[in-house]
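K.L.:
This is the structure I want to talk about, given as structure tokens.
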Amino acid sequence: MLIPFLIPFIIAIFLAINMGGSGTAPAFSAAYGANILKKSLIPGLFGLSVFAGAIIGGEETAKTMGKDLLSPDMMSFTIVSIILFSVAISLLVANLFGIPQSTSQSTVLAVVAPAIYFQSFNSHKLLWEIIPTWFIMPIAAFILSYLLGKYIYKPIRKKGYTLSKKVNDSYVLKGLIILMSMYVAFSIGTNNVANAVGPLATMAANEMNIGDSHFVHLMILATLIIAPSFAIGSSIFGHKVVQRTGKEIFLFGRFEAVIIAFISATLLLLASLTRGIPTSLVQLNTAAIIGIGVAKLGFKNIFRKTEVYEFFGMWIVAPIISFSMSFFLTVLADELNFLNL
């Protein structure tokens, strides 16, 4: 009994390591791009902030991932292992290419695959709440950052009201940007940790016959195991993805770094705390980066960057890999009579 119970947790730790690598970019690319933080300090700050966010505000999104897409009684050892393994492989592919990927979209589609196979799919939640949020939030991040860049930041710079070197290099401004980066990581904790914790907590509740009233306790226990692995993933994969996002799209100024971090983190927190919608902070962050970049450089210049198109391509490919693998493994497990494990 113990071995099959441990397998999903081991896979979840592997997934969390990959999520940590992918999530480092939206959290700390702004601070790294503004040359404020050394790469060696990022994993520790990232891991602590993610853990705090998961414990404080991760419950609603965990319930969505564990109960609202696939019937909770279907969350067995085998199905949860298949879901988490499929997501982990899709994210590993993205991390190896150094492209920050949407953990939430890959996980949602990995959960949807067995739900469709077993005909227990909650289409209303996906089609009317989750998918619209996936489109609306990045557009909102782009528009907000573009408007702030074009109509506030850019005119201020043109009139010569730029921050003096003394202010720009002050510890207050640097501290604010680091706090904003930790705010982003905190919002990752409220949303992305639930991608692993939700299915695990539901599985544990099923196997131990624990009622809904204790679901939050199982979620906290699972978080204590999963969240620290984000810091490990950040230290392994974080350098490459933070380099791509922070340095290769365009160079940030200090003020721009604050705008990017605040917009992306606030939108993700809104999705997490209001409706428990698993949402891609990677896409929110990149949309905010592109919005500021377009305001500074124009549409043609920013979209000529190869990195932007590579990001879009991987965002499409990775969730498809996750869904396909999850569906195939579910069918295979059914054929081999492994679903009752």
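Read-outs throughout are calculated quantities, based only on the coordinates presented, and are distinct from any laboratory measurement. Everything numeric in this text was worked out from a predicted model, so none of it was measured.
K.L.:
HN-Hα J couplings of region 193-204 from phi, Karplus 6.51/-1.76/1.60, θ = phi - 60°, integer Hz, Gly and Pro as x?
P.N.:
Each residue's phi maps through the Karplus curve to give 4, 5, 4, 9, 5, x, x, 5, 5, 5, 4, 5 Hz.
K.L.:
Continuing with this model, one more query. Could you give the length gained by full extension between V216 and S324, i.e. 0.36 nm per residue of separation minus their alpha carbon distance, to one decimal place?
P.N.:
Here the segment from V216 to S324 would lengthen by 35.8 nm.
K.L.:
Related question: Pairs to check: K39/K296; K150/K300; K38/K296; K38/K174; K150/K174. Give those whose C-alpha atoms are more than 18 Å from each other in this structure.
P.N.:
Result: K39/K296; K38/K296; K150/K174 exceed 18 Å.
K.L.:
Once phi is turned into θ = phi - 60°, what whole-Hz ³J(HN,Hα) does the Karplus curve with 6.51, -1.76 and 1.60 give for every residue of region 105-113, x standing for Gly and Pro?
P.N.:
5, 5, 5, 4, 5, 5, 6, 5, 4
K.L.:
Sticking with this structure for a sec: Which ³J(HN,Hα) values in Hz, rounded to whole numbers, follow from the phi angles of region 283-290 under the Karplus curve 6.51 cos²θ - 1.76 cosθ + 1.60, where θ = phi - 60° and Gly and Pro get x?
P.N.:
3J(HN,Hα) across region 283-290, in whole Hz: 6, 4, 5, 5, 5, 5, 4, 5.
K.L.:
Which whole-number percent is the relative contact order of region 1-110 (Cα, under 8 Å, 6+ apart)?
P.N.:
Worked out over region 1-110, it gives 46 percent.
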